[in-house]
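The values are calculated or read from the model by the stated rules, or taken from the named source; none is laboratory data. Because the structure is predicted, anything quoted here is derived from the model rather than measured. Methodologically, a virtual Cβ is constructed for each residue, glycine included, from the backbone with ideal geometry; neighbour enumeration extends over all protein chains shown. The area values use the complete protein model at the heavy-atom level, side chains included, leaving out ligands, DNA and RNA. Shrake-Rupley method; radii C 1.70, N 1.55, O 1.52, S 1.80 Å.
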Amino acid sequence: MSESPLVCPVGSGQMPKKLYAVAAEFGNPAELYHAAEQVRDKGYKWWDTYTPFYIHGLDKAMGLGKSWVGKFTLAGGLLGLTVGFLLETISSVYVYPMDTQGKPYFSLPGFVPIMDLLTILTSAIVSITGMTMLCMLPRLHHPLWDWDAFTRATHDKFFIVIEANDPRFSEKTTVDLLREIGGTNLTFIGDEE
Amino acid sequence: MADNSLLPAEPAHTSVERHDDPPEYAQARQELIREPYVTNNRSAAWVGDHIASVVQNPAPLWWWIAVSVAGGVASLTGIGLIYLITTGVGVWGENNSANWAWDITNFVFWIGIGHAGTMIAAILYLTRQKWASGINRAAEAMTIFAVMCAGIYPAVHVGRVWFAWYLAPIPNANAIWPNFRSPLLWDVFAVSTYLSVSIMFWYVGLIPDAAAMRDRVKNKIGKYFYAVLCLGWRGSGRQWANYEFCYLMLAGIATLLVITTCTVVSSDFSTSVIPGWHGTIFIPYFGVGAIYGGFCMLIILLVPIRQYYKLQDLVTLRHIDMCCRYTLLMGLFVAYIYGMEFFIAYYGGSPNERYTFYDRIRGPYWLTWYVMMFCNCVVPQLFWMKSVRRNPWLAFGIVLFPSVGMWLERFVIIVSSVHRDFLPSSWGMFYPTWIDIITFTGTFGVFFLMYLLFVRFIPVIAISEVRSVLPEANPHAAMYHKESSTGASHE
């Protein structure tokens, strides 16, 4: 690994053995936003922005669709509702019918609170599970973490990273594009083999 | 580390000024200018540095003293519970007429405090109250710790605690299942769901900040701790899009949950036929009462924290002001409901109901009722004055009254309703024993101990959320488009 480093600034003449992406740094949200619009318009798909905080409208500027998390929430809610209904009905009507104050075995109004609570509980669990899956988390390592400048992606810097997997990626034109849209500190990021 | 290029050239809110206005509009325009969420024009970098410094700097001496005191007080709960479990619930002051007393009073008191945290983090998030981003982490932590304190009581008041697992719907050797029609079982589900979902909601809010801490801290154990906590968060655009959507979903879920929980807790009482409990008004009553007590506790927590950690630019006077306004609003609701309860007792025509309310004012527990009315309905009226709302330590002093008053409210509802039931021959009195007193006192130690640990290890303010409400976080802000800006431009 020592002969070819994982992180090589553009123009240093060195290249990582296995290229993961080329990254560029931006100074503020407005610059990043307009740069992202241009990367989107060039038709790149395998790329991402990195920001220390959520920037409203950046998902549109990146051309992302609506998040799928809501579908997980709905599925989780329906699951909890069904489980709650079956748990209460099966145990109160069939498994252990118990006459309390002459109430019917199948007392749906009385079952509502626990059905509601289980709906809430499972929809929360499934939403979070879905969100972490869609975010590809948890993750033990990522090629970008080899780049020291990237620690500021959670502090005060903004990044655009275009992956080498992208069909439109080329070491020349992608770097030129990132430079043209105002990126600084352009760097090739390598992946471990 | 602060980067000057990120500092706005001028305060963003001056953009609403127009120079062609007649002079008499100038004051009106000044009134319309919204106060910034973060004062003194702080940059995103400063926000991160400053909040993280609370965790990264060595703990101040007062923190160690406070932790020792809180830990000592918390041990009282431990002693009380050990004595209770090894001896029996007879060590509490409950008796045959007052068969519910401090245990449920304390339970409702603590669970209520939790509700304000969810209110701030979820309901104010859904209604786009951006100022709440400065205090939502602190408020949610309060929720979690308050619900933990509340959870002690239902668990131990069942008597033989080692059978408490019968409350869970688990197939067991006796083939006994819980009675799903009982509000007390709903309560078990409500409190456990409330605790679980509050922790999840709080944790999801914490992920980006844990990543920020991972990238800041230098020592290996700290780095490892935050790296695991943040799950490998990178803050990519795709992650943020999913994350924000998830947060929105959770806010909706938590809103539903806080209403369900206060409904279920109030159903413990309102589904019974005890005069003083048997009323549909209990659901809004417990909801607003809970948020009232919670905002008071939040002010009690925030005022010292902002002072001692110098967070005045992040938890601004406006935040304290808003909390005081909510306190006042909830106090007015509570006062209205007190009045309405008496009206219903008078107008409903049930002699038992009437007597219960007469007993509250003229019976043996009259003092608790008067103190409650004074604390909850009279003292918070001071918050009509802006100068009071904007004086943090004065607000701190004032909210101590409703905090006591809200505990007394639950005591009045519970004990004064049951100590004299339908048969005068079985009337009695409830007096707390020393076990009651030390167990309850100790829960404050438990609460503050957990809170102090939270302040020490977790960023007390949501860094990424506060950053995203700064003017510089808006890519369309006027500061980035000086030449195209007309002055009174869009947000």
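The table below lists the values:
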quantity	calculated
Criterion violated by A:D146 - all others in (1) open to solvent by 10 Å² or more (accessible area, probe 1.4 Å); (2) more than 30 Å from B:T263 (Cα to Cα); (3) facing another protein chain (nearest Cβ under 9 Å) satisfied	(3)
Meets criteria (more than 30 Å from B:G48 (Cα to Cα) and crowded, with 24+ Cβ neighbours inside 10 Å) for B:V265	yes
Residue in region B:339-360 that is among the polar types (S, T, N, Q) and open to solvent by 30 Å² or more (accessible area, probe 1.4 Å) present	yes
Residue list for region B:115-131, filter: over 15 Å from B:I291 (Cα atoms) and in a helix (DSSP H, G or I)	B:Y125, B:L126, B:K130, B:W131
Within region B:450-473, considering residues that are open to solvent by 20 Å² or more (accessible area, probe 1.4 Å), within 13 Å of chain A (Cβ to nearest Cβ) and not small (G, A, S), the one nearest to the chain's Cα centre (by Cα)	B:E465
Region B:195-213 residues that are touching a residue at least 40 places away in the same chain (Cβ under 8 Å), paired with ones that are among the acidic types (D, E) (beta carbon under 6 Å, 6 or more apart)	B:W202/B:E140
Selection from region B:176-201 of residues that are open to solvent by 50 Å² or more (accessible area, probe 1.4 Å) and over 26 Å from A:T129 (Cα atoms)	B:I176, B:L184
Scan of region B:144-185 for residues that are facing chain A (nearest Cβ under 8 Å) and β-branched (V, I, T), ordered by number	B:I176
Search result, residues across region A:90-99 that are assigned to a loop (DSSP other than H, G, I, E, B) and surrounded by 14 or more Cβ atoms within 10 Å (Cβ to Cβ)	A:Y96, A:M98
Subset tally (residues that are of a type outside the set (S, T, N, Q), out of contact with any strand residue (DSSP E or B) (no Cβ under 8 Å at 6 or more places or on another chain) and not in a loop (DSSP other than H, G, I, E, B)) for region A:153-176	1
The lone exception for A:L87 - which of (1) open to solvent by 70 Å² or more (accessible area, probe 1.4 Å); (2) within 9 Å of chain B (Cβ to nearest Cβ); (3) over 25 Å from the mean Cα position of the chain (by Cα) it fails	(1)
Residue within region B:306-319 that is open to solvent by less than 10 Å² (accessible area, probe 1.4 Å) and polar (S, T, N, Q) present	yes
Region A:22-56 - residue that is among the small types (G, A, S) and within 7 Å of chain B (Cβ to nearest Cβ) and, of those, least open to solvent (accessible area, probe 1.4 Å)	A:A30
Residue that is modelled with the highest pLDDT [pool: residues in region B:34-49 that are surrounded by fewer than 20 Cβ atoms within 10 Å (Cβ to Cβ) and not in a loop (DSSP other than H, G, I, E, B)]	B:D49
Any hit, region B:196-208, residues being under 30 Å from B:S350 (Cβ atoms), of a type in the set (A, V, I, L, M) and within 9 Å of chain A (Cβ to nearest Cβ)	no
Selection count, region B:84-103, where residues are under 30 Å from B:V264 (Cβ atoms), assigned to a helix (DSSP H, G or I) and open to solvent by 10 Å² or more (accessible area, probe 1.4 Å)	5
Residue ID - nearest to the other protein chains (Cβ to nearest Cβ), chosen from residues in region A:127-143 that are open to solvent by 40 Å² or more (accessible area, probe 1.4 Å) and assigned to a helix (DSSP H, G or I)	A:L134
Unique match (being open to solvent by less than 30 Å² (accessible area, probe 1.4 Å) and either at positive phi or more than 9 Å from every other protein chain (Cβ to nearest Cβ) (or both)) among B:I291, B:I253, B:I259	B:I291
Test set (1) modelled with pLDDT under 90; (2) facing chain A (nearest Cβ under 10 Å); (3) part of a helix (DSSP H, G or I) - B:A227 fails condition number	(1)
Total residues in region A:43-85, condition in contact with a Lys or Arg (Cβ under 7 Å, 6 or more places away or on another chain) and part of a loop (DSSP other than H, G, I, E, B)	7
Selection status of A:K66, away from chain B (no Cβ under 12 Å) and either over 16 Å from the mean Cα position of the chain (by Cα) or closer than 28 Å to B:E472 by Cα (or both)	no
Failed item, numbered, when A:T151 is tested on (1) surrounded by fewer than 20 Cβ atoms within 10 Å (Cβ to Cβ); (2) more than 30 Å from B:K223 (Cα to Cα); (3) at the interface with another protein chain (Cβ under 10 Å from one of its Cβ atoms); (4) among the polar types (S, T, N, Q)	(2)
Selection within region A:171-193 - among the basic types (K, R) and loosely packed, with under 12 Cβ neighbours inside 10 Å	A:K172
Every pair of residues 6+ apart whose Cβ atoms lie under 6 Å, when the first sits in region B:455-466 and is assigned to a helix (DSSP H, G or I) while the second is of a type in the set (F, W, Y) and surrounded by 22 or more Cβ atoms within 10 Å (Cβ to Cβ)	B:S464/A:F53
Some residue of region B:186-193 being hydroxyl-bearing (S, T, Y), within 14 Å of chain A (Cβ to nearest Cβ) and closer than 14 Å to B:T261 by Cα	yes
